[in-house]
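Worksheet: the structure to be examined is printed underneath.
The values are calculated or read from the model by the stated rules, or taken from the named source; none is laboratory data. A quick note: this is a predicted structure, and the numbers were derived from the prediction, not measured. A quick note on method: Cβ atoms are made from the backbone with ideal geometry, for glycine too, and the neighbour counts reach across all protein chains shown. Only protein heavy atoms, including side chains, enter the accessible area calculation; ligands, DNA and RNA are left aside. Shrake-Rupley method; radii C 1.70, N 1.55, O 1.52, S 1.80 Å.
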Amino acid sequence: MACPLLRQCSKWNANCSSLFETLWYGNGRPVSFSTSSLGRTSWSSGPGNAGQPSALRRRTGPNTFNFITSLTRHKPRLLDPSLKSCFCINSAHTDVKVQDPFTIAQKDLNNLYDDIRKELFVTKELKALCHYYFDGKGKAIRPMIVVLMARALNSHSNRSGELLPGQRAVAMITEMIHTASLVHDDVIDGSNKRRGKGTINELWGEKKAILAGDFILSVASITMARIGNNMVVKVFSQVIEDLVRGEFMQLGSKENENERFKHYLEKTFKKTASLIANSCKAVCVLVSSDPKVHEIAYQYGKNVGIAFQLVDDVLDFTSGANHLGKPSAADLKLGLATGPVLFACQQFPELHSMIMRRFSSKGDVDRAWQYVFQSDGVEQTKNLAQHYCQEAIRQISMLRPSAERDALIRLTEMVLTRDK
């Protein structure tokens, strides 16, 4: 029996091979752009080879944001009840019951944080700072995706499903870079709570927090150098560049509505999805020299990463502070206009001036909050996340069937239905 999800995914993808590329249309005319302008690396996917960025041309309607809105107002049937037991993405689908992704990855993740802490063995105070977030209580979603992708790629390449030492090191590097970015983000945002406890900058001060984040990044760099693969180094160098550029983008805003949404999606890629996309690519280059397979891994990580952040932006409006482990409405209080606000702005133009002044006037945060819930901004953001997950499924389904591949498909549902 064919999945409702598959029928919807196939129908959608007949019109658009990549939603991420579609959203970068120009205003009223076809536009040529390079993949590097979308946060993609400007060098070839092949190991060690420089290459020219490809140019993509698309037809477009008169308004990018109107296109996105029309797309997201038609809710895809991604969360159909049958999805829980039906992952028949192609005719070669495995017959075994799909296991929980965390269960499959647990063996590889068991000692991950212990090994990271060993890498960070330093003086007593710096050790306490660096170990604070590596307590094993995080979601570990990024290293889980990495190990599942690595095993799926190993099976695809007719190798043993077991992780290569370099692939496990990539999972560690991914978590270290992510954690370092959290430490630095908390300093920039002046946050005092993370994962249900005080932030490093709140407990030890900003100077030590910055140094701790820098040190974690340096250890991650040493770990990636030990892998001995130049492409892995290039891939993670791109991630660090994207993180910094994304943070700078977050400090700015756009007057034009279309430019504003493009800015938001590109910032989302750089700050969140680039790490996941490039980590998936990193484990791929260690086992395959095929650029097409590199692209599959990259595209899955990119689309899941964007969906993950879109859902995170929704949860900032729909989940309580105690459940999230951080204050709710945090983005509005920081002056950030995320997906729900940008969609709501179409129905409530009053939001435009608030966005431009970054919700800095008295009462702006409360009024913006009310406008979001009076609009369909939350629902449209959820629908957009579903479209990205459909594209992630389309990409990963190109790999040969395996338990890990199916777990990555299942993971897209978990990304969409998570509540913290």
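Can you compute 3J(HN,Hα) from phi for each residue in the range 359-375, using the Karplus curve 6.51 cos²θ - 1.76 cosθ + 1.60 with θ = phi - 60°, rounded to whole Hz and x for Gly and Pro?
Result, ordered by residue: 6, 8, 7, 4, x, 4, 4, 5, 5, 4, 4, 5, 4, 4, 7, 7, 9 Hz.
Dipole size in debye (nearest 20) for the range 235-376 around its Cα centre, Lys and Arg Cβ +1, Asp and Glu Cβ -1? The partial results should precede the final answer.
Values: 16 positive and 17 negative charges, 47 e Å.
That gives the range 235-376 a dipole magnitude of about 220 debye.
With every protein chain left in place and a probe of 1.4 Å, what is the accessible surface of Asp185, to the nearest 10 Å²?
Its heavy atoms expose roughly 30 Å² to the probe.
Would you list the P(r) distribution for the range 101-417, with all Cα-Cα distances sorted into 10 Å bins from 0 and each bin expressed as a whole %?
6, 26, 34, 24, 9, 1, 0
Please report, to one decimal in angstroms, the Kirkwood hydrodynamic radius of the range 245-288 built from all distinct Cα-Cα pairs.
Roughly 11.7 Å, rounded to one decimal.
What figure, in Å² to the nearest 10, do you get for the accessible area of Thr381 with a 1.4 Å probe and non-protein molecules left out?
So the heavy atoms of Thr381 present about 0 Å² to solvent.
Residues with amide H under 5 Å of Lys197's amide H, sequence separation 5 or more or different chain, H placed in the peptide plane at 1.01 Å from N; which?
none
Can you tell me the FRET efficiency between Asp115 and Asp419 if r is taken as the Cβ-Cβ distance and R0 is 25 Å, rounded to the nearest 0.05? Don't skip to the end; give the middle numbers.
Numbers: r = 30 Å, r/R0 = 1.19.
With a Förster radius of 25 Å, E is 0.25.
With a 1.4 Å probe and every protein chain left in place, tell me how much accessible area Leu120 has, in Å² to the nearest 10.
Near enough 0 Å² of accessible area.
Quick one: if the Förster radius is 30 Å, what FRET efficiency do Lys208 and Gln347 give, using the C-beta to C-beta distance and rounding to 0.05? Display every interim value, and only then the final one.
On the way: r = 45 Å, r/R0 = 1.50.
Calculated value: 0.10.
Regarding the range 144-204, what's the average projected area of the Cα-atom convex hull, expressed in nm²?
Numbers: hull surface 20.6 nm².
For the range 144-204, the mean projected area of the Cα convex hull comes to 5.2 nm².
Using Cα pairs closer than 8 Å and at least 6 residues apart in sequence, work out the relative contact order for the range 101-417, in percent. If you can, show how the numbers build up before the last one.
Details: 432 pairs, mean separation 61.5, N = 317.
Over the range 101-417, the number comes to 19 percent.
For the range 101-417, with all protein chains present and a 1.4 Å probe, just round the carbon and sulfur fraction of the accessible area to a whole percent.
Details: 6100 of 11810 Å².
Percent of accessible area from carbon and sulfur atoms in the range 101-417: 52.
What Kirkwood hydrodynamic radius do you get for the range 270-354 when you take the inverse of the mean 1/r over all pairs of distinct Cα atoms, in Å? Walk me through the numbers on the way to the answer.
Values: mean 1/r = 0.0670 Å⁻¹.
One decimal place: 14.9 Å for the Kirkwood radius.
Step through the residues of the range 143-160 one at a time and calculate ³J(HN,Hα) from phi using the Karplus curve (6.51 cos²θ - 1.76 cosθ + 1.60, θ = phi - 60°), rounding each to whole Hz and writing x for Gly and Pro.
3J(HN,Hα) across the range 143-160, in whole Hz: x, 5, 4, 5, 5, 5, 5, 4, 5, 5, 5, 4, 5, 4, 8, 6, 10, 4.
Counting only C-alpha contacts under 8 Å and six or more residues apart, can you give the relative contact order of the range 314-420 as a whole percent?
Working: 98 pairs, mean separation 29.4, N = 107.
RCO, the range 314-420: 27 percent.
Need the full-extension length gain, Lys197 to Glu247, defined as separation in residues times 0.36 nm minus the C-alpha distance. One decimal, nm. Present the calculation step by step, with values, prior to reporting the outcome.
Details: separation 50, 0.36 × 50 = 18.00 nm, distance 2.33 nm.
Contour length minus the Cα-Cα distance gives 15.7 nm.
How much net charge surrounds Met398 when only other residues with a Cβ under 10 Å from its Cβ are counted (Lys, Arg +1; Asp, Glu -1)? Walk me through the numbers on the way to the answer.
On the way: positive: Lys292, Arg394, Arg400, Arg405; negative: Glu295.
Counting the neighbours of Met398, the net charge comes to +3.
Can you give me the Cα centroid spacing of the range 141-212 and the range 241-283 in angstrom?
Result: 18 Å between the Cα centres.
In whole Hz and in residue order, list the ³J(HN,Hα) couplings for the range 123-130 that follow from phi through the Karplus curve 6.51 cos²θ - 1.76 cosθ + 1.60, θ = phi - 60°; x for Gly and Pro.
With coefficients 6.51, -1.76 and 1.60, one gets 4, 4, 5, 5, 4, 5, 5, 6 Hz.
Find the centroid of the Cα atoms in the range 301-318 and in the range 360-420, then give the distance between the two in whole Å.
A separation of 5 Å, based on Cα centres.
Skip the ligands, DNA and RNA, and give the accessible area per residue of the range 261-420 with a 1.4 Å probe, whole Å². Write out the running numbers ahead of the final one.
Working: 4830 Å² over 160 residues.
Result: 30 Å² of accessible area for each residue.
How much length would be gained if the chain were fully extended between Ile222 and Gln374, taking 0.36 nm per residue of separation minus their Cα-Cα distance, in nm to one decimal?
Values: separation 152, 0.36 × 152 = 54.72 nm, distance 4.99 nm.
Using 0.36 nm per residue and subtracting the Cα-Cα distance, I get 49.7 nm.
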